[in-house]
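Student: Pasting in a structure now, in structure tokens, and then I'll have a few things to ask.
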């Protein structure tokens with residue numbers, strides 16, 4: 001279980017104070033599949049980072065009773081001068097995973113061939129995305145975070161990503177951020193809308209999408 005207790009998140013910039021979350025309290029339970037809607041800049045990615053523990057709240061308390069992933073498919077976690085294999089080894093050691101098992105999973109899933117042992121800086125954007133998906137899915141977490149990305153590469157690889165993510169959704173907890181209603185409906189059952197620092201929960205993802213789209217129409 002993950003719980004937020006009166007959490008506030010405020011960013012202070014040059015002549016700017018922005019409140020991303022205001023007095024937010026909720027409980028995320030095992031097995032829940034939550035889709036989060038919100039406009040660009042609403043703070044959806046910040047919310048995921050708070051859930052993951054990458055960022056700390058300005059005030060309030062966050063309890064984590066389950067292990068939490070980084071956003072699946074996140075491509076900015078690699079050291080470009082190291083090979084895909086070396087980056088995978090490094091991540092395996094950080095998360096105390098069997099190195100050989102993790103390497104075998106990533107090599108098989110990402111299908112990079114000889115490039116797996118080449119520096120990441122030589123990869124195309126699609127190859128980096130394949131590596132990111134492989135590493136993200138190689139570790140078993142209780143709660144998986146997904147920020148926009150659900151597929152990369154050709155159709156066959158996208159289908160593999162979908163199958164792997166669907167499996168983790170069926171066996172764990174999922175929190176997904178996406179601007180695509182179809183994607184949210186595919187993976188999520190419940191929903192929430194982040195608007196003006198307030199996170200409002202709805203019993204179905206369809207209701208959350210409908211409220212979000214109505215807010216967008218009003219804003220336009």
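Student: Might you let me know whether the range 179-196 holds any residue that is at pLDDT below 95, assigned to a helix (DSSP H, G or I) and assigned by TED's automatic domain parsing to the domain that holds residue 111?
Tutor: Within the range 179-196 (the criterion being at pLDDT below 95, assigned to a helix (DSSP H, G or I) and assigned by TED's automatic domain parsing to the domain that holds residue 111), the answer is no, since none of the residues qualifies.
Student: Which count do you get for residues in the range 83-100 that are in contact with a helix residue (DSSP H, G or I) (Cβ under 8 Å, 6 or more places away or on another chain) and either within 26 Å of residue 171 (Cα to Cα) or surrounded by fewer than 16 Cβ atoms within 10 Å (Cβ to Cβ) (or both)?
Tutor: Matching residues across the range 83-100 total 8.
Student: Just to be sure before I move on: is residue 21 in contact with a strand residue (DSSP E or B) (Cβ under 8 Å, 6 or more places away or on another chain), at negative phi, crowded, with 20+ Cβ neighbours inside 10 Å and in a helix (DSSP H, G or I) in the structure I sent?
Tutor: Judged against the criteria, residue 21 is not a match.
Student: Now, a different point. Would you check if there is a residue in the range 36-49 being in contact (Cβ under 8 Å) with a residue 60 or more places away in the chain, assigned to a strand (DSSP E or B), surrounded by 14 or more Cβ atoms within 10 Å (Cβ to Cβ) and on the phi < 0 side of the Ramachandran plot?
Tutor: yes
The values are calculated or read from the model by the stated rules, or taken from the named source; none is laboratory data. The structure presented is a predicted model; accordingly, all values stated were derived computationally and were not measured. Cβ: placed from backbone, ideal geometry, glycine included. Neighbour counts: every protein chain shown.
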